[in-house]
Amino acid sequence: SDLRSDVNSVVGCCAGGKVTIGTIVDKTSASWWNTSGNKCNMMALNPNNAQHAVYTHGAFTGQSVDGGKTWESMNHSGIYHIGIDRQGKVYTGAEAGAFEAKPCGKANHGVPCSWQALYGQRVQRRTNRTVNRVPHDYQRISLDFGGSVAFPSDQGLFVKAPGDELRLIAATGNMSNNIALSPAVSAGDGPGKEYIVTAAWDWAPLASWDGGAHWPSWQIPADGAGAGCIGEGGGAFAMGKSNHVLVMHKHNILHSSHGGKNLSRFVPPGGAVVFGPAYAIKAGSLTAEPTGAVYAPLFRSPMPFDELADKAITCQPSELKFDLGVMTTNYSCLAAFDLGVEYGWYKGSNYGVWRVTDKHCHVCELQGNSSTWKFEDVKGAWSYVLKQSSQQEQIDNFIRKFDQNGDGRLDPHDFRATQDEEPDDEDEEDEEDEEDEEDEE
């Protein structure tokens, strides 16, 4: 800032993850000082005013107009990159989008800071619908880009238009920048109309309904629910010549019996992560047609039950909440009991029991502390006691996250309501950068 031959030339950086400003002393050295111990991810100086500095850290964007002596909030969160152009305008960029700040703060009569979203625009081929998009995976802010400001993104290069225009110029035109991950090809509607679904880096799964000639993904009602919840990464998996398709990433499992159209969603409980499915093939099938059985490794938190072998309680009629029917194994009973408890289906239930004699899975609500319950010795029986104090909060948080109609339980319509929404995970690259800074500290 104020780059001249005298000592007024100033530089700044996030040294050791903290806001640091230096005054140039001579051609080889500067006098550095830490302004306040504030942590930062990115910092910028006004090229025309050495007193004006800004920085970002997590949910905070700070601004100083006195050379870093004092700082004020710019009311802007969820961002990472920041810059000030030669006109003194402040810009930010991150996965949430690119933004421009209106003049604000102490230097502008204390006006509260507000931000304008910059957006890209596309027109859908099949619907002719204009879509304005703010979120992008912006990786940098390029100042002095042809007399303007540019935002490089995983999806392309976007340039700020002259004047007050908020629509960004797509320097890459209609070209998309995507890396296809594990595409699934299905028979679809026949030759020339095969369905292709692929997870992508970047931004979310893509779909073609005409053998790859066009990639509209999920646009019209006939396409059904889309796969926005998958986000970046993951994979799509086909099954022989059938139209059965899975799209999976982290805790999201999407299934379609129509080549990727009309996807339905399942979220396993316990903070589970599932990936790498394999399916059983019909005997003698030359095209690897599925039987219907699918297997995948699952990693989750410990089950919220104490599991007691060869112990049982006979629930009284007033205590028996549900008879889940005959289940051939005790762990099938445990899985069904767990799903119902963690989805809020079995309110108040705190005990499940399976007996090898009749193989029924009973779900009960017993009174008092489990330490006072009277268990009987029953060979081959299994009892499952809910750990109320340590697990109930985790279960309640899981239900609150996905329950859309407030009935305290999770049903297909709850998962469908947010199926097309992009995940709220932080940008992985930015997250890794922050972790590296914390490690250095």
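Overview of results
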{"quantity": "Reachable lysines, given that their alpha-carbon falls under 27 Å from the alpha-carbon of residue 69 and they are not under 8 places away in the same chain", "calculated": "18, 27, 39, 89, 102, 106"}
{"quantity": "Rg/Rg_globular for the stretch 20-66, with Rg_globular taken as 2.2 N^0.38 Å and Rg from C-alpha atoms", "calculated": "1.22"}
{"quantity": "Normalised per residue, the volume of the convex hull around the Cα set of the stretch 131-262 (Å³)", "calculated": "109 Å³"}
{"quantity": "Rounded FRET efficiency, nearest 0.05, which uses the C-beta distance separating residue 48 from residue 420 and R0 of 35 Å", "calculated": "0.20"}
{"quantity": "Reach of residue 347 by Cα under 26 Å, taken over lysines that are not fewer than 8 positions away in the same chain", "calculated": "311, 321, 359, 374, 387, 401"}
{"quantity": "At R0 = 56 Å, FRET efficiency that the Cβ-Cβ distance of residue 161 and residue 392 yields, to 0.05", "calculated": "0.60"}
{"quantity": "Rg(Cα) / (2.2 N^0.38 Å) computed for the stretch 267-415, rounded to two decimals", "calculated": "1.19"}
{"quantity": "Contour minus Cα-Cα distance for residue 357 and residue 128 (0.36 nm per residue)", "calculated": "76.1 nm"}
{"quantity": "Isotropic mean projected area of the C-alpha convex hull, the chain (nm²)", "calculated": "29.7 nm²"}
{"quantity": "Taking N as its residue count, the alpha carbon Rg of the stretch 181-326 over 2.2 N^0.38 Å", "calculated": "1.32"}
{"quantity": "Radius of gyration and maximum dimension Dmax of the stretch 95-182, Cα, Å", "calculated": "15.2, 55"}
{"quantity": "Expected 222 nm ellipticity per residue - DSSP helices of 4 or more, -39500 (n - 2.57), all of the chain, to 500", "calculated": "-3500 deg cm²/dmol"}
{"quantity": "Share of carbon and sulfur in the accessible heavy-atom surface of the chain [1.4 Å probe, %]", "calculated": "53 percent"}
{"quantity": "R0 of 60 Å, Cβ-Cβ distance residue 287-residue 374: FRET efficiency to nearest 0.05", "calculated": "0.55"}
{"quantity": "Between 0 and 90°, nearest 10: helix 388-402 axis offset from the chain longest Cα axis", "calculated": "60 degrees"}
{"quantity": "Where no second cysteine Cβ lies under 4.7 Å, the cysteines concerned in the chain", "calculated": "13, 229"}
{"quantity": "Principal axis dimensions, largest first and in whole angstrom, of the stretch 64-108 by Cα", "calculated": "30, 21, 15"}
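The values are calculated or read from the model by the stated rules, or taken from the named source; none is laboratory data. Just so we're clear, the structure is a prediction, and the values are computed from it rather than from any experiment. We place every Cβ from the backbone using ideal geometry, glycine too, and count neighbours over all the protein chains shown. Quick note on the areas: whole protein, heavy atoms, side chains included, nothing else; ligands and nucleic acids left out. Shrake-Rupley method; radii C 1.70, N 1.55, O 1.52, S 1.80 Å.
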